[in-house]
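The values are calculated or read from the model by the stated rules, or taken from the named source; none is laboratory data. Remember, predicted model here, so these are calculated numbers, not experimental data. Every residue, glycine as well, gets a Cβ built from its backbone with ideal geometry; the counts of neighbours run over all protein chains shown. These accessible areas exclude ligands, DNA and RNA; they are computed on the full protein's heavy atoms, side chains included. Shrake-Rupley method; radii C 1.70, N 1.55, O 1.52, S 1.80 Å.
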Amino acid sequence: MTDTTRHVRREPAPPPLTSALRPAPRGYRRTVALITLAVAGWATLWAVVTPPFQAPDEQNHLNSVLRIAYGGGWPAPGDAYLAPGVVDAVHEAGYPSDPPGRWVHRPDVPQFVDLVPVPRDERTRLDASNALGDATSGTTVDQMTQHPPLYYALGAAVLRVTGLTEARWDAQMLALRLFDVVLLALTVPLAAATARRVTGSPAAGLVAAAFPLFLPQLGHIMGAVNNDALVVLTCAAATWLAARVVTGDLRWRVAVAIGVVVGLGLLTKVMVAFALPTVGVAYLLARGRRWPGRLGRLVVAVTVAVAVGGWWWVRNVITLGAVQPVGMPRDPATVAQVPDAEVPRLILEKLPQAFFGNLSWLEVRLPGAWVVAGSVVLVAVVLAAVLLPGARRASFALALLPAGLAAGVAYNSWSAHADTGGLVAVQGRYVFGGIAALAALFAVALWQLVRRQDRRLAVAVPVVTTLALAAAAGGLVWAFGAFYQGPGDPFGAAVDRWLAWSPLAEPALLVVVAACALALVSALVVALGWPRRLAASVAPGDTPAAPGPPKDAR
């Protein structure tokens, strides 16, 4: 008899995911945890070292958190105003004033070191009487409602949980700064997991975990009140999930998870949309299913992202006529004019400067030699990871995120120049959404340098961690002097000035500094012992196999 039954052609099952990575050596998770605590301690030190409101738009971020905390909602762009209490806080903090490390001092602006701090118990308390502003307040516009409100709603929840909804403004600011520190710390294990997934090397994960410590500007921004902290976390989660996809994890749940984290990021800032090309290319380059199956999963990821957070930007286009309306338009008459021929050169100079170190309101500049050296290393790292065989597919997908963010910043600045004649918004912090990807690429490049051998890379873990911790300490010392030590001042005078401005009393501040220092030292100790720990995890007489990346990462 002839079989007339219709047979459905099924897609082949993806390769078993359990074989993608070997179990981590004993002590790996503890080492990642201690490096994570070190990054958190480092960012906490930035949070207590940076003077109040000496980070970009910090008064606006604080104001928008308070608006939600006090039921002021989320007005249309241009219709939100600074609260009277926030204006008083900015005045008490001595802003605007020039820190001693400013690249050039302005004769018409007071010097920060000449100001007398308001005693802690006399600083303004923010409560229902002064925490909301409107058009009758006589205050300036708060442009942050050009963004979605997720970060600010979470910040308001932090103030409620900590009992600081009604409190001194400096205590509220410190609580929100520490909230951002937590968000940054959560990106560290994601960066480590991304590097390990791509290379199969636990040592690569540890190298990636230490990478943030090399960037003073990252500590400065993540130790301030800023919605970029949630962008960094959601992009890090999307980076890790994309790394799983490109290395063969094509489960539907991963596609849904990508949509959720990208959608949450889109409820924070439009910059998270730059994660979508990384996700798309990850599905394009992944192996294990035919392209219709991969395309279907990509469609699910994008659909979920739009449903969770992308709808905000679609609504903007329909109702306001722009993806991101400008909350506070710039007056071209107040913008320094830049000749057209100078724009490319200035963007190439300012963007790396603002990525590596340009503190306060882009006023305190890391010496140019460090910026050039860091830029050369970063470009070399990305090229090595993308071009050398071993993890090219995954590296290419990951590199699209920081590259896209940098290109987006350059394009936006160039477009603004066409409208105003000035060069604005060349902010390196807008590229920080690619930190987890850059950390993974850094680890991949070193893994290539040691010929893709985990045992060899393990020897580099103490070296990289020591250098990262030295960079972290050096950046903090540089920032401390740039903020608090006036010309000819002894170091002790700078310390006294810092203590007087701090929201914490001296005993509490010393406890915080000691705890952070302990976290940094603990990370150093555990990193120094990693090669020995790895060797001890191998039974006598065994020859450890080089882990190598999953085949689909190559």
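Here is how the numbers come out for the structure above:
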quantity: Residue match in segment 25-44 (condition: loosely packed, with under 15 Cβ neighbours inside 10 Å, charged (D, E, K, R) and at pLDDT below 95); calculated: yes
quantity: Members of segment 160-196 found to be within 25 Å of Asp454 (Cβ to Cβ) and open to solvent by 10 Å² or more (accessible area, probe 1.4 Å), listed by number; calculated: Pro189, Leu190, Ala193, Arg196
quantity: Given (1) open to solvent by 40 Å² or more (accessible area, probe 1.4 Å); (2) of a type outside the set (A, V, I, L, M, F, W, C); (3) in contact with a strand residue (DSSP E or B) (Cβ under 8 Å, 6 or more places away or on another chain), number of the condition Arg456 does not satisfy; calculated: (3)
quantity: Of all residues making up segment 350-369, the number that are of a type outside the set (Val, Ile, Thr), touching a residue at least 12 places away in the same chain (Cβ under 8 Å) and not in a helix (DSSP H, G or I); calculated: 5
quantity: Single residue of Asp228, Asp249 found to be among the acidic types (Asp, Glu) and under 27 Å from Glu363 (Cα atoms); calculated: Asp228
quantity: From the options Thr18, Thr5, residue that is in a helix (DSSP H, G or I), modelled with pLDDT under 95 and at negative phi; calculated: Thr18
quantity: Residue ID - least open to solvent (accessible area, probe 1.4 Å), chosen from residues in segment 73-112 that are within 14 Å of Leu126 (Cα to Cα) and part of a loop (DSSP other than H, G, I, E, B); calculated: Ala83
quantity: All positions within segment 113-127 that are under 20 Å from Glu363 (Cβ atoms), out of contact with any helix residue (DSSP H, G or I) (no Cβ under 7 Å at 6 or more places or on another chain) and part of a helix (DSSP H, G or I); calculated: Asp114
quantity: Test: residue in segment 314-323 that is over 20 Å from Asp249 (Cβ atoms), small (Gly, Ala, Ser), open to solvent by 30 Å² or more (accessible area, probe 1.4 Å) and in contact with a Leu (Cβ under 9 Å, 6 or more places away or on another chain); calculated: no
quantity: Qualifying residue in segment 386-395 (condition: without any contact (Cβ under 8 Å) to a residue 24 or more places away in the chain, within 28 Å of Phe483 (Cβ to Cβ) and over 19 Å from the mean Cα position of the chain (by Cα)); calculated: no
quantity: Top-ranked residue of segment 215-271 - restricted to ones that are surrounded by fewer than 24 Cβ atoms within 10 Å (Cβ to Cβ) and among the charged types (D, E, K, R), ranked as nearest to Leu401 (Cα to Cα); calculated: Lys269
quantity: Which listed residue, of Val376, Val308, Val372, is within 24 Å of the chain's Cα centre (by Cα), touching a residue at least 24 places away in the same chain (Cβ under 8 Å) and open to solvent by 40 Å² or more (accessible area, probe 1.4 Å); calculated: Val308
quantity: Residue selected from segment 272-284 under the condition farther than 19 Å from Trp252 by Cβ and touching a Phe, Trp or Tyr at 6+ places or on another chain (Cβ under 9 Å), by the criterion surrounded by the most Cβ atoms within 10 Å (Cβ to Cβ); calculated: Val281
quantity: Set Val371, Val376: member being in contact with a strand residue (DSSP E or B) (Cβ under 9 Å, 6 or more places away or on another chain), of a type outside the set (Gly, Ala, Ser) and within 16 Å of Ala406 (Cβ to Cβ); calculated: Val371
quantity: Any helices (runs of 4 or more DSSP H) falling wholly within segment 420-520 and containing at least 1 residues that are in contact (Cβ under 8 Å) with a residue 24 or more places away in the chain and within 23 Å of Phe356 (Cα to Cα); calculated: 435-449, 454-484
